[in-house]
Amino acid sequence: MAELRKKSGLVGELSAEFAGTMILILFGCGVVAQVVAGGALTDPAGGLGDHDSIAWAWGLGVTLGVYVAARLSGAHLNPAVTLALAAFKGFPWQKVAPYAVAQTAGAFVAALIVRWNYSEALAKA
């Protein structure tokens, strides 16, 4: 696995963090938007989704995000994890800022996609 990281370089690692974080936020925020837009908060009996669907989607999002990013970057998927790994586990400090930017950008793009996808339904909710 170390050979794959060396071969892909920093750009590959950052791309993996971007994609993994984007997948995590797409699933997590997407299911919350679906539950809210589906009316589960105002009509639990007739609404789409519930707390269980939110928990399952977040779990699936974490699983898929880690699956996508683990081989290239270690799948930090969160700037706090990257910072903690640098502080306590020897992750290179010069990679902390680029990783945090890639993770934040991935989360931001995912949030934009969710907002775009549910904008009409959320305006009515």
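The values are calculated or read from the model by the stated rules, or taken from the named source; none is laboratory data. Note that the structure is a prediction, hence the values are computed from the model and not measured. Positions of Cβ are generated from backbone atoms using ideal geometry, with glycine treated the same way; all protein chains shown enter the neighbour counts.
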*State all residues of region 33-45 that are buried (at least 17 other Cβ atoms within 10 Å of the Cβ) and hydrophobic (A, V, I, L, M, F, W, C); if no residue qualifies, say none.*
Ala33, Val35, Val36, Ala37, Ala40
*Return the pairs, sorted by first residue and then second, in which the second residue is buried (at least 19 other Cβ atoms within 10 Å of the Cβ) and β-branched (Val, Ile, Thr), the first residue lies in region 56-81 and is closer than 17 Å to Leu26 by Cα, the beta carbons are less than 7 Å apart, and the residues are 6+ apart or on different chains.*
Ala57/Val31; Gly61/Ile23; Leu64/Ile23; Gly65/Thr21; Gly65/Ile23; Val68/Ile23; His76/Thr82; Leu77/Thr21
*asked:* Yes or no: region 111-125 includes at least one residue that is in contact (Cβ under 8 Å) with a residue 12 or more places away in the chain and part of a loop (DSSP other than H, G, I, E, B).
replied: yes
*Considering only region 106-124, state which residues are surrounded by fewer than 13 Cβ atoms within 10 Å (Cβ to Cβ) and in contact with a Ser or Thr (Cβ under 7 Å, 6 or more places away or on another chain).*
none
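Please state which one of Leu83, Leu48, Leu60 is in contact with a helix residue (DSSP H, G or I) (Cβ under 7 Å, 6 or more places away or on another chain), among the aliphatic types (A, V, I, L, M), surrounded by 13 or more Cβ atoms within 10 Å (Cβ to Cβ) and farther than 30 Å from Glu120 by Cβ. Steps first, please.
On the way: Leu48 fails: farther than 30 Å from Glu120 by Cβ; Leu60 fails: farther than 30 Å from Glu120 by Cβ.
Checking each option against the conditions leaves just Leu83.
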*Which condition does Ala45 not pass, out of (1) modelled with pLDDT of 95 or more; (2) outside any helix (DSSP H, G or I), if it passes all the others?*
(1)
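Kindly indicate whether any position in region 16-27 is touching a Lys or Arg at 6+ places or on another chain (Cβ under 9 Å), surrounded by 19 or more Cβ atoms within 10 Å (Cβ to Cβ), of a type in the set (A, V, I, L, M) and at pLDDT 95 or above. Talk me through it step by step, then tell me what you get.
Quick first cut of region 16-27, residues touching a Lys or Arg at 6+ places or on another chain (Cβ under 9 Å) only: 16.
Now narrow it down to the ones that are surrounded by 19 or more Cβ atoms within 10 Å (Cβ to Cβ): 16.
Checking the rest, the ones that are also of a type in the set (A, V, I, L, M) come to 16.
Restricting the remaining residues to those that are at pLDDT 95 or above gives 16.
Within region 16-27 (the criterion being touching a Lys or Arg at 6+ places or on another chain (Cβ under 9 Å), surrounded by 19 or more Cβ atoms within 10 Å (Cβ to Cβ), of a type in the set (A, V, I, L, M) and at pLDDT 95 or above), the answer is yes, since at least one residue qualifies.
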*Restricting attention to region 63-77, does a residue exist that is more than 24 Å from Leu112 (Cα to Cα), of a type in the set (A, V, I, L, M, F, W, C) and in contact with a Ser or Thr (Cβ under 6 Å, 6 or more places away or on another chain)?*
yes
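Condition check: in contact (Cβ under 8 Å) with a residue 40 or more places away in the chain and in contact with a helix residue (DSSP H, G or I) (Cβ under 9 Å, 6 or more places away or on another chain). Does Val35 satisfy that?
Taking the combined requirement at face value, the residue does not satisfy it.
Kindly check whether there is at least one residue in region 57-77 that is outside any helix (DSSP H, G or I), more than 11 Å from the chain's Cα centre (by Cα) and not hydrophobic (A, V, I, L, M, F, W, C). Before the answer, list the steps.
Our first condition is that a residue be outside any helix (DSSP H, G or I); within region 57-77, this holds for 74-77.
Going one step further and asking which of them are more than 11 Å from the chain's Cα centre (by Cα), we end up with 74.
Next, only the ones that are not hydrophobic (A, V, I, L, M, F, W, C) stay: 74.
The answer is yes, given that some residue of region 57-77 is outside any helix (DSSP H, G or I), more than 11 Å from the chain's Cα centre (by Cα) and not hydrophobic (A, V, I, L, M, F, W, C).
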